[in-house]
Every structure is written in structure tokens, then in C-alpha cells.
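Report on one structure; see the data block that follows.
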Amino acid sequence: MRETTPSEDFLRGVWKENPVLVQMLGLCPALAVTNSVENSLAMGIATFFVLCGSSLFVSLLKHFIPHEVRISTYIMIIATFVTVADMGLEALVPTVHKALGAFIALIVVNCMILGRQEAFASKRPVGRSLLDAAGSGLGFLLALLMIGGVREILGSGSFLGHPLFGPHYEPWVIMILPPGGFLTLGFWLLGMNWFRARKQQRRVS
Amino acid sequence: MSQADQPKSASAASIVLTLCFAGVLAGLLLVVVYQATQPRIQAYKDKMLKLAVEEVLQHPASYQTLYLVDGKLTPDLPAGSSAHDFEQVFHGFDQQGHSLGFALVHARAGFQDTVRVIFGYHPQTGDMLGMRVLESKETPGLGDKIEKEAWFGEQFSSCTLPLIGVKAGKGTGDRHEVDMITGATISSRAVIRILNEAFTEWNPLLQPLAEEEQP
């Protein structure tokens, strides 16, 4: 197998293997908390922090973690960082913490995070693991912002709480309700796949 | 995977040691972060509690905090203790200093985790003044409606304790009836149970104070 370069490790998670838009991982928070840009941003940053922190520790301790208990140890490390993120958000942005509710604690079971530990951080040096985690974390954050941006603009007529269309705009309430999450994700996936297929067709011709 | 590629199996002692070490490291990190964040979290909770007390007592002119010390309610804290060491009750007064009622914070298990509510009521009649869920981690989209559906919280201001939960829209108009939320029945029941328990527990202590005027 060809050895990857550091930039490939970073960019893979951002675009080519984006956790939400390509790998379809972490869809639960991607659908549930993206009813506003602020919530998407907070969830994205919290997940980015947990992913980077866990990858750092898993990569550092990979030679000391016995194969039999590796998953339990990864989960313990991930849960620790999730609790740190939970307390940090509660102290710094309590209103956002309240809006995200149980979804912060549920970052523990986001399979994207455990997946990166098992597939990458447990086998590669610290620097590369951090680059991979930062790329995947950024990709997740971008996907959440793409979904959250569309939902808030159409569903509330605002972006980050700032009104965009004036008082005569009638918000599409469905966009901030659960169906709006599925619709927005569906349209983004449609657009991404269409773009990819067109690129591939051009390459062939 | 060839036999040479297979990882060496670790001894039981090494497995236990690894998990213990990881646990201790995680515990230490959490203690440090807890100590650093707790003052800010507590300050925010206190601010929110103050707003909630005013809301569930229907914006009293003033209120007095009473602490449960050795089974008795007193406005004075024992020397050297903190307000957070004792259960608290808030006694609201109108402009003339007449008692409006009491606000209580009570917490019990919900569907997933502890549900913490605050409510205001008058001990002699049992008439409620308001109710608000302070903390809950109920199922997103279902149980969390006890906090997010405004009508659920608002209906309590026209209820009388003790409460009975009824299916939404199936009530007879009795003041003891509370409409439960469809899809959040267990969490709605939990809120009703918490209020009834608090009423049974606290009412004997609060009734003698109900006619007291502002000191």
C-alpha cells in the first residue's frame, strides 16, 4: 500500500472521505443539532476537540494498550474528552450547552471518533494521527455548518442569529424541524454525488 | 492475517494495569477540569435559579430564601456553611409584604437521568403559581418536550396539587389534572411524580409559614 503524505492525511477527512457527506458517519448529531449555525458550530468544535484529544492519547499510548482491551481503553479516553468538552461548554457557553442537551454526551458513541482511533491513531505516529484527526474533525465541522447554514437561513431567515431577509420573510419552519435535517442532508448528498460523477466523467472523456 | 502478524496476547495483570492506569489518568484530568469550570457553572446556575424563582412565583416584589437546617426552615445559615450545603425554599411576598407562596426545587429520576424542576405554590390551597424544568437529559425529540413544549409548563399555573396526569385533551377540567405530552408520557409522569412528592414532603413544613408576612 502506498504511504500517504501529511497533506493527504489532513485533506482526506476534510473532503475526499468527509465523515458525514461521504462516509455517512455521525449522522445522528448532523441531523439533530443542526437547526442553527450556532449549535452546529458548537457541536463541530466539541467533536473536533474530542477527536484530536483522543487521537493524541491513543497514538501516544498505542504501544502500551493491550490488543484485548484496546476498544475499552479508546472508549475511556474518548469519554474523558467528551466530559471535558461538556464541562467546558457548560462553563463558557451555557445557553448553547443547554440547546445541545444530551447530544454532547452522545459524542462518545459517534462512530467516526472510534473509527479514526481504530483505523489510524492506533497504528500511526502522533503527528500523523493529529493531522488525520484535525482533517476529519474539520470535515465534520464543515458538513455540520453546511447543513446548519441552509436550515437556519431558510427556517429562521437568519444567519448566526442576524436577520437576512427583513420582516416580510415567512420562515420555512419545516427546515428547523426534523424533516428539514433529512431534506437538507439529502440535497447536499445529491449535489456532492452529482459533482463527483461529473468530475469522473470529464476525467474519463 | 498470518500467525506472525497476530498481536501477542497480553497477561491478565497487564490488562488490569492498563485499564487502571487509563482510569486514574482520566480521573485526574476530569478533577482538574471540574475544579476549573465549577465556579462559572455554579454562578450561571445561581443566576438561572434566581430568574426561575421569580418566574414561578409570578414576579414577587421580594422573596426570602429559607434553608432546611436540622429539619427546620430558617433564613439564617449556620456559621461556616455555604448556601449550597442545604436544601432551599423561596418565600415570595407582594408589595404589602403578604405571602404569595413558596418556590421549591425538587429532583428525581426521569426516563434517562435526573429531572430537576422548580415550582411555586400556595401551601394552604395547593394552588400552583408556575413550574419550570431546570435540568433534564431526557430523550431528544421525545422526553425533552417537557422542557421544550411551552404549553406543558404553562398549564401548571392553573393546577392544584396533588396532580393527576391525563392524556392530552382528555381531561375533565379538574384543577388536579395535567395534560401529559404524547410521545413523552414517561417524562411527563416523572414531572408530575416529582411535584407530588415535593408537595407531600414539604407541605407540613411550609403550612405554618404560609400566613407569615415579610420580616
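Among the residues of this structure, A:Phe195 counts as one that is more than 14 Å from chain B (Cβ to nearest Cβ), assigned to a helix (DSSP H, G or I), open to solvent by 60 Å² or more (accessible area, probe 1.4 Å) and more than 30 Å from A:His63 (Cα to Cα). Please give the helices (runs of 4 or more DSSP H) falling wholly within region A:1-68 in which 2 or more residues are among the β-branched types (Val, Ile, Thr). Result: A:37-61.
When you look at A:Leu100, is it assigned to a helix (DSSP H, G or I) and more than 9 Å from every other protein chain (Cβ to nearest Cβ), yes or no?
Yes; evaluated as a whole, the condition is true for this residue.
Is it fair to say A:Val108 is out of contact with any Lys or Arg (no Cβ under 6 Å at 6 or more places or on another chain), within 12 Å of chain B (Cβ to nearest Cβ) and either of a type in the set (A, V, I, L, M, F, W, C) or in a helix (DSSP H, G or I) (or both)?
Taking the combined requirement at face value, the residue does not satisfy it.
Checking B:Tyr63, B:Tyr34 one by one, the residue that is in contact with a helix residue (DSSP H, G or I) (Cβ under 7 Å, 6 or more places away or on another chain), within 13 Å of chain A (Cβ to nearest Cβ), on the phi < 0 side of the Ramachandran plot and hydroxyl-bearing (Ser, Thr, Tyr) is B:Tyr34 and no other. Residues of region B:143-195 that are free of Cβ contacts under 8 Å to residues at least 60 places away in the same chain, open to solvent by less than 40 Å² (accessible area, probe 1.4 Å), of a type in the set (A, V, I, L, M, F, W, C) and within 17 Å of B:Leu129 (Cα to Cα): B:Phe152, B:Phe156, B:Cys159, B:Leu161, B:Leu163, B:Val178, B:Ile192.
The set of residues in region A:62-80 being open to solvent by 20 Å² or more (accessible area, probe 1.4 Å) and more than 8 Å from chain B (Cβ to nearest Cβ) consists of A:Lys62, A:His63, A:Arg70, A:Ile71, A:Ile75.
At least 1 residues being open to solvent by 30 Å² or more (accessible area, probe 1.4 Å) and in contact (Cβ under 8 Å) with a residue 60 or more places away in the chain is the threshold, and among the strands (runs of 3 or more DSSP E) wholly inside region B:45-109 those reaching it are B:62-69, B:72-74, B:99-109.
A search for C-beta distances below 8 Å between a residue of region A:85-112 that is touching a residue at least 60 places away in the same chain (Cβ under 8 Å) and crowded, with 19+ Cβ neighbours inside 10 Å and any residue that is of a type in the set (Phe, Trp, Tyr) and in a helix (DSSP H, G or I), counting only pairs 6+ apart in sequence or on different chains, returns A:Met112/A:Phe140.
The values are calculated or read from the model by the stated rules, or taken from the named source; none is laboratory data. Computed from a predicted structure; not experimentally measured. As a convention, Cβ positions derive from the backbone with ideal geometry for all residues, glycine included, and neighbour counts pool all protein chains shown. Only protein heavy atoms, including side chains, enter the accessible area calculation; ligands, DNA and RNA are left aside. Shrake-Rupley method; radii C 1.70, N 1.55, O 1.52, S 1.80 Å.
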